[in-house]
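Q: Shown below is the structure under consideration.
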Amino acid sequence: MKVLEFPLARITLGFIAGILVAYYFKPAIWFVFLALFIAFSVFVIAYFWSKRKIVNPIFFGLATYLLAFTIGTTTQIIHTNSFQESNYSRVKSIFEKPHLVSLTIREKLRSSSFNDRYIAVVNQIEDKINTGRVLLNVRKDSLNQPLEIGTHLQINGSFYRNSSAKNPNQFDYGKYLENKQIYAQIYADASEIKIGSIIQKDLWYFSSRLRTKIIQNLEKSHFNKTELNVAVALILGQQQDISPEIVSDYQYAGAVHILSVSGLHIGCILIFVTFLLKPFPNTRKSSFIKLVIILLSLSSFGLIAGLAPSVLRSVTMFSFVAIGMYLRRSTNIFHTLLVSMLIILLVQPSFLFDVGFQLSYFALFFILWLQPLLAQLWKPRNKIVNYFWEILTVSFAAQIGTLPLSIYYFHQFPGLFFVTNLVIIPFLSLIMGLGVVVMVLAAFDCVPVFLAKSLEWSIFILNKIINWIASLEQFIFRDIPFNWQLLLSLYLLIIATVIWFKKPNFNKLALAMITVIIFQITYFQTHWNIQKQRELVIFNSKKNTLIAERNGNNISLYAGDSLLKTANQNQTFSSYSMGNFSHLKTKIRLQNLMFFDGNKILILDSLGVYPKNIRADIVVLTQSPKINLERFLTATKPKMVVADATNFKNIQKLWKATCFKNKIPFHATSEKGFYRLD
């Protein structure tokens, strides 16, 4: 694989390996800086020794990769806010009592059912200077107007830890926020908020003001609300107001990526601006002027789109692509891609764990690497046919590159993705070009009706096409079980197969066959491990008690009648079965007594009725039963007491104290998450 022959590629891989080690193992800060000093010393010594030919040059290469690794580790540690002394997460009493907090609003997020949500920057806690990002939740209807970006607030409130996943294989929202350097949330009413008169006028403020002005001018031109929300998402990167139904349609059609500004949008802007600059002559001076105009255009678009991480990432990536185009070195494109990745990760290493970052770079890499090979399979003479063939090959290359990641993260695959892209990519290029013109004119208080209506109708047609494709549910493959071992082995298989197709020979064919065997072994090993497992899980379910007994890949579900009828639609249960490569075999109505692996399990519901003289090993409390728990524990002497999330929280606190007094372990699923017995 020629890409790996580039020294920069190996340096980038070493740098990424360093970030991963720091992220997962969290070494001590002193150890990281000591390792960096040693690696730098070895690098300097190896450099001078290789110059004098005292040692083999290979040692200098190894020293370079070691230095890249330690720089990656150090970069991750430096950019992790929780390691900074001023970060609010290091205040000892931060989660124990309310504090007077000074904040600045940085970004508006999609509202939840009960709260308007913002990302805010902490300025001060009580009388001490502190830093860090926090998720601010303002209860709806408590403020008449949404908070403006740059607004200073003073809140007398409590910090709440990010809640981790409370059920197996569930999306860990707390970890997601932590990767964005957000370690806590604040909930507030209007009565607890003092809004300052001074607004912090920085890039985020002016960007927000510009977007607000554009949206208001489009609303004045009677732009339909549904289409306006999609237009704002496509061009301005703001998807807070898009309806869930439209988001679902785009997901099922395999086009959800176009609702958030990403590499596809910036690529369209790059193509559009390059097309406008075609009349410029191809002299060295003119090419440089074109490059400057392109870079300014991409930067301006990033500013208008709100300087969101995905926008900044894509603008940086395609700015380097534009520079590579200016240098006119086709072999330099992979270098360009690697340089952009290295610079982005040097500035913000946490992007490495962002799904959008991973999908963007895998898609672009496979487009550059695989698309030329697919395009050679057929060369249509007709220009129109060739244009759509190019789109199809680009779509397949990107889809092949992102397929393992997409299944790993989203567990679904839109079978009609190629149809979607054949329609969407040409249409999106038109919408992006027209949309940018309309947005620019709207920024100057000039919105020609015919242009606004053209954009509105284009998006209306786009939504209808997406809705039609999404309605073909038989082509949507959902709930695909996939783990990280299968992810790695599938990428090995894809890469080895592409290498063989590029220049077929026996050795490359043998390598491809070996990766096929590796993938098969990984798949069967996963299923073999699943078959050997046996467990009982009490889920953290607020409305209904939910218990699953899994024997291999067969699950017996215990619940009430109403929940059993809709078991396959229950998100908690479907995530569990999918994550364990299992399926629902039997549905059993929940009784007061059940047995598992020699353990007698007593389930006490709201009636509080149980057999006399029972000696249960585990007691499960559900629906807040009215019993004298201390008397009950004295009589039954269980080994464990479990309270699921259907119980009132104040009662659970009393139960916890009672169990502690009687020296019996107590597990509340609302506090500790699901309970597993294996």
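Q: For a quick check of your reading of the filter: which GluC sites (Glu not before Pro) in region 213-292 sit in a DSSP loop and have no more than 15 other Cβ atoms within 10 Å?
A: none
Q: Then there's this: If you compute semi-axes √(5λ) of the Cα gyration tensor in Å for the structure shown, which of [x] 46, 33, 30; [y] 47, 32, 25; [z] 38, 29, 25 do you land on?
A: Label [x] holds the value from this structure.
Q: While we're here: For region 300-424, which whole percent of the accessible surface, found with a 1.4 angstrom probe, sits on carbon and sulfur atoms?
A: Here carbon and sulfur together make up 70 percent of the probe-accessible area.
Q: Moving on to the next point. For the chain, what does the helix formula give at 222 nm: sum of -39500 (n - 2.57) over DSSP H segments with n ≥ 4, over the residue count, nearest 500 deg cm²/dmol?
A: -17500 deg cm²/dmol
Q: Against the longest alpha carbon principal axis of the chain, how many degrees, from 0 to 90 and to the nearest 10, is the axis of helix 263-276 turned?
A: Computed tilt is about 20 degrees.
Q: Could you tell me which of rounded, prolate or oblate describes region 347-441, using a ≥ b ≥ c as the square roots of the eigenvalues of the alpha-carbon gyration tensor, with rounded for a/c under 1.5 and, failing that, prolate when a/b is larger than b/c and oblate otherwise?
A: Note, shape of region 347-441 comes out oblate.
Q: Measure nothing fancy, just the Cα-based angle from helix 383-410's long axis to the longest principal axis of the chain, in degrees from 0 to 90, nearest 10.
A: Around 30 degrees separate the two axes.
Q: Please identify the chymotrypsin sites (Phe, Trp or Tyr not before Pro) of region 165-234 that satisfy two criteria: DSSP loop assignment and at most 15 other Cβ atoms within 10 Å. Which are they?
A: Hits after loop and neighbour filter: PHE171.
Q: Taking amide H atoms as placed 1.01 Å from N in the peptide plane, list the residues 5 or more away in sequence, or in a different chain, whose amide H sits under 5 Å from that of LEU590.
A: Amide H to amide H, under 5 Å and 5 or more residues apart or across chains, LEU590 pairs with ALA559, GLY560.
Q: Here is a follow-up. Expressed as an acute angle from 0 to 90° and rounded to the nearest 10, what is the orientation of the C-alpha long axis of helix 355-375 relative to the principal long axis of the chain?
A: Tilt relative to the chain: about 50 degrees.
Q: Follow-up question, since we're still on this one. Taking H placed 1.01 Å from N in the peptide plane, check which residues at least 5 places from VAL620 or on another chain put their amide H under 5 Å from its amide H.
A: LEU602, ILE603, LEU604, VAL642
Q: Moving on. Starting from the Cα-Cα distance between GLN571 and ARG52, subtract it from 0.36 nm times their residue separation and give me the gain in nm to one decimal.
A: 180.3 nm
Q: Determine the per residue accessible area of the chain with all protein chains present and a 1.4 angstrom probe, expressed in square angstrom.
A: Result: 53 Å² of accessible area for each residue.
Q: Using modelled amide H (1.01 Å from N, peptide plane; none on Pro or chain starts), what sits under 5 Å from the amide H of ALA668, excluding residues fewer than 5 places away?
A: Long-range HN contacts for ALA668: ALA643.
Q: As a test, work out the antiparallel percent of DSSP beta bridges whose residues both lie in the chain, rounded to the nearest 5.
A: 70
Q: Related question: With only Lys, Arg, Asp and Glu charged, each at its Cβ (+1 for the first two, -1 for the last two), find how big the charge dipole of the chain is about the Cα centre; round to the nearest 20 debye.
A: 1080
Q: Given points 7 Å out from each Cα along the Cα-Cβ axis, report the SER471 to ARG117 separation in nanometres with one decimal.
A: For the pair SER471/ARG117, the computed spacing is 3.2 nm.
Q: Can you pull out the trypsin sites (Lys or Arg not before Pro) in region 631-666 that DSSP calls coil and that have at most 16 other Cβ atoms within 10 Å?
A: Here the sparse-neighbourhood loop sites are LYS639, LYS663.
Q: Sorted by mean Cβ packing within 10 Å, highest first, what order do the peptides 127-135, 479-487 take?
A: 127-135, 479-487
Q: Ignoring ligands, DNA and RNA, how do LYS92, LYS220, LYS140, LYS26 rank by accessible area with a 1.4 Å probe, largest first?
A: Reading off the accessible areas and sorting them downward yields LYS92, LYS220, LYS26, LYS140.
Q: If I stretch the segment between GLN145 and PHE410 completely, what's the gain in nm (0.36 nm per residue apart, minus their alpha carbon distance), one decimal?
A: 91.9 nm
The values are calculated or read from the model by the stated rules, or taken from the named source; none is laboratory data. A quick note: this is a predicted structure, and the numbers were derived from the prediction, not measured. Cβ coordinates were reconstructed from backbone atoms using ideal geometry, including for glycine residues, and neighbour counts include every protein chain displayed. Note: accessible area is taken over every heavy atom of the protein model, side chains too, but ligands, DNA and RNA are not part of it. Shrake-Rupley method; radii C 1.70, N 1.55, O 1.52, S 1.80 Å.
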